[in-house]
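Encoded as structure tokens, the structure appears first; notes follow it.
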Amino acid sequence: MAPIIVRDKLQYAGAVEGYQAPATETGIKSGVPLSEVPQSVSVVTSTELERRNPTQVEDAIKFTPGINPSTWGADDRYDQFSIRGFDMGTAALYRDGLPNKSHGFASFKIDPYMLERIDVLRGPAGVLYGSNDAGGMVNMVTKRPSFANEGSAYVGYGSFGTAEAGVDVSRVLNAQGTLSGRLTALVRDGETALDNSHNDRNLLAGSLTWAPTDDTSLTVLMHLQQDERTPLQWVPQAGVEYDAALGSLPDDFYKRQSPFNSYKSDSGSFGWEFSHRFGNGLTFNQKARYAREKTDYQHLYLASTDFATGDMTYTAAADDLEAYNIGFDNYLEWKSGGNSMIVGVDYQRRKTEYRKYVATGSYDVSFANPVFDLNVAYPPLSARNKEEYTEKGIYLQDHFKFSNGVSVTAGLRRSWFENEIENQLTSSVQSQKNAATTGMLGITYEMANGLTPYLSYTEGFIQNFGKTIDEVPLKPSKSKQWELGLRYLPEHGNYLLSAAVFDLRKTNVKDYIPNNWDYSTQTGEIRSLGMELEARGRLTDNLQGVFGYTLLNTEITASTNGLRGNDNAMAPPHQLSLWLDYDASEVVPGLSVGGGLRYVDEAFATQANNRVTPSYTLADLALRYEWEDMEVNLRVSNLFDRDYYSICYDSHGCSKGDGRSVSLTVGKTF
């Protein structure tokens, strides 16, 4: 039998059978039933990841309310999305409760195959997690030993000549049942819809759990990953970037890119989770991780278009980066009766050394013959910088559940953070030191009829990385949110219905400067008002799935650059998603059918509101056939090959979303 403490942890952070998670430790680190979290939280479960088999985290969370995935189009460098109307980029990503954020072009991208579940907490979460953007956070939970002898493997082939294979094995390693290990490996080789593209990955992830007693456990986690992926492409639009009288670019122009384009990364991490119960309800927990990534990135990208002739000018850019990240989170947890209190200290340090090479506007592509048979030389050195970010914080959170069903959660944090940019070409240094105090207060009331209303106030902050056009480091942002919600969990517990309305505000919101990606501007304050509806779980013995709807109204309420009254960027007013999984074994033994629909409303691409990205609707399909210990999966994303744009950006044209992609896999459990 597995030690009790391991099973307790798995309840809140481990695998989940079905589409509804009963509990989480994201939002309240001591771990509580999901209904007691006074803030919107959704869990993409193990079953959902397995049935949909997403290749990116942004695809894994795309059926979650409040999430607008793939905000920059078919761009495989990062996982990109907005939450509650704020483009998070990769500033919202956490793994096992520790930051997993990008450093410039170093993306630290995680494959969903090495994940057990993904928790999405919406709204500021500054008390528990420190610097965290306004819209919320996405906590990716790594697979770890399950104290059971189980395993699976698969091989697959799909669109654009993509072949892959994976294996995932967990084993108890000693007779006492106190030591268990897990190994996950993935190999992928292929392309995307673009010419001269790459969709390659080598992944090896391992974990080892030692639980000598019911009171003590140590889990060590590591992973190594090598990628070669493909950056986004901009497509100029008739009547906007060039005169419509010139006609149209070839239909396949969006597929054309220079052989110069590539994105290669070599990353890895090592860390541990330690827990020890002293007795009398007192437990010490520690999480730690060291991660590094080396990135070699080259891109010939559209810089400008001549409106009269349609001829396009391209800039060649290259980035050579080495990024490091170390994080610790230590907290004492005290449980007594209905009370659960944690006191913690955390620390994170990020370091990036990079060399940037740019040849601005050095290459021309003719509108009459738009091909990329260009001899692109490696551009000259333009910048060599070293950036360091350090953050330290102390926090307190208390969660008390009364006997009448009322739960009160309160928290407070004090953080100190420093950002330093050293220009190694000029030997100059710029630095910022800031501190922030954030708090939260929430109340839930679990009623006898299954209804649980809640009300919460939460705060957050984030240090914005980058510079203004005047070479001044960006100012930090602060956020605050009021949220009123209602959950319904019927007595049988087969599904959970959730509804929430919120008033979310963020200061100093960052926005890019078109045609000058190295610099940013900031807007005084943006307000996001919205409503979210969600349903998760099993509807009948044969049917389960997820439903989400988001209504959003964003507005720039304070601005120093004349944008007051405009909408925020990448904040569609309406989004609708539905994924259903039907067990058709009564018709054909072993067959299950899954399908999904997503609608994303039109939205502005920048805070200037000069350009609208059109709305779109997409469909996905998943067929699964099982017999004995074998299974065959056919998965199709963008089933009807809908031609759409994920973003249409000022002065740059549009970036297309992914077209139809088909994969067929054969797997075996053992």
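The values are calculated or read from the model by the stated rules, or taken from the named source; none is laboratory data. Predicted model only: the values in this text are computed from it and were never measured. Because the Cβ atoms are built from the backbone with ideal geometry, glycine has one as well, and the counts that use them run over all protein chains shown.
Restricting to region 609-645, what's the tally of residues that are more than 22 Å from the chain's Cα centre (by Cα), closer than 30 Å to ILE513 by Cβ and in a strand (DSSP E or B)?
Residues that pass the stated criteria total 1.
Quick one: in region 94-147, which of the residues that are part of a loop (DSSP other than H, G, I, E, B) and at positive phi is farthest from the chain's Cα centre (by Cα)?
Residue satisfying both the conditions and the ranking: PHE147.
Listed here are the residues, each with its yes/no results for (1) out of contact with any Gly (no Cβ under 7 Å at 6 or more places or on another chain); (2) acidic (Asp, Glu); (3) under 24 Å from ALA436 (Cβ atoms).
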{"residue": "GLU471", "(1), (2), (3)": "yes, yes, no"}
{"residue": "SER477", "(1), (2), (3)": "yes, no, yes"}
{"residue": "ALA500", "(1), (2), (3)": "no, no, no"}
{"residue": "ILE513", "(1), (2), (3)": "yes, no, no"}
{"residue": "GLU532", "(1), (2), (3)": "no, yes, no"}
{"residue": "LEU539", "(1), (2), (3)": "yes, no, no"}
{"residue": "ASN542", "(1), (2), (3)": "yes, no, no"}
{"residue": "VAL546", "(1), (2), (3)": "yes, no, no"}
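Every residue in region 310-340 that is within 17 Å of ALA288 (Cβ to Cβ) and of a type in the set (Phe, Trp, Tyr), please.
TYR324, PHE328, TYR331
Test of understanding: among PRO65, PRO38, which residue is buried (at least 24 other Cβ atoms within 10 Å of the Cβ) and more than 18 Å from LEU552 (Cβ to Cβ)?
None of the other options fit; the residue is PRO38.
Of the conditions (1) surrounded by fewer than 18 Cβ atoms within 10 Å (Cβ to Cβ); (2) closer than 30 Å to THR507 by Cα, ASN202 fails just one. Which one is it?
Of the numbered conditions (1) surrounded by fewer than 18 Cβ atoms within 10 Å (Cβ to Cβ); (2) closer than 30 Å to THR507 by Cα, the odd one out for ASN202 is (2).
Where residues in region 292-325 are of a type in the set (Val, Ile, Thr) and part of a strand (DSSP E or B), which of them is surrounded by the fewest Cβ atoms within 10 Å (Cβ to Cβ)?
It comes out as THR313.
Does region 190-206 contain at least one residue that is at pLDDT 95 or above, part of a strand (DSSP E or B) and under 30 Å from PHE284 (Cβ atoms)?
The answer is yes; a qualifying residue exists.
Would you say THR606 is outside any strand (DSSP E or B) and buried (at least 19 other Cβ atoms within 10 Å of the Cβ)?
Judged against the criteria, THR606 is a match.
Looking at region 434-473, which of the residues that are more than 21 Å from SER498 (Cβ to Cβ), charged (D, E, K, R) and outside any strand (DSSP E or B) is farthest from the chain's Cα centre (by Cα)?
Ranking the qualifying residues of region 434-473, first place goes to ASP470.
Of all residues being hydroxyl-bearing (Ser, Thr, Tyr) and buried (at least 22 other Cβ atoms within 10 Å of the Cβ) in region 20-34, which is farthest from GLY338 (Cα to Cα)? Just the residue, please.
THR26
Out of all the residues in region 79-95, which are crowded, with 23+ Cβ neighbours inside 10 Å and either of a type outside the set (D, E, K, R) or at pLDDT 95 or above (or both)?
GLN80, PHE81, SER82, ILE83, ARG84, GLY85, PHE86, MET88, ALA92, LEU93, ARG95, listed by residue number.
Among THR219, THR230, which is the only one that is at pLDDT 95 or above and crowded, with 19+ Cβ neighbours inside 10 Å?
Every option except THR219 fails the conditions.
What is the one condition in (1) modelled with pLDDT under 95; (2) touching a Pro at 6+ places or on another chain (Cβ under 9 Å) that HIS103 does not satisfy?
Of the numbered conditions (1) modelled with pLDDT under 95; (2) touching a Pro at 6+ places or on another chain (Cβ under 9 Å), the odd one out for HIS103 is (2).
Taking region 168-206, which residues are among the hydrophobic types (A, V, I, L, M, F, W, C), within 24 Å of the chain's Cα centre (by Cα) and over 30 Å from GLN298 (Cβ atoms)?
Across region 168-206, the qualifying residue is only LEU183.
Please find, among SER269, SER304, SER275, the residue that is touching a helix residue (DSSP H, G or I) at 6+ places or on another chain (Cβ under 7 Å) and either of a type outside the set (Asp, Glu) or modelled with pLDDT of 95 or more (or both).
Going through SER269, SER304, SER275 in turn, the sole match is SER275.
Residues being farther than 30 Å from TYR378 by Cβ, touching a residue at least 40 places away in the same chain (Cβ under 8 Å) and not polar (S, T, N, Q): count how many of those fall in region 280-300.
6
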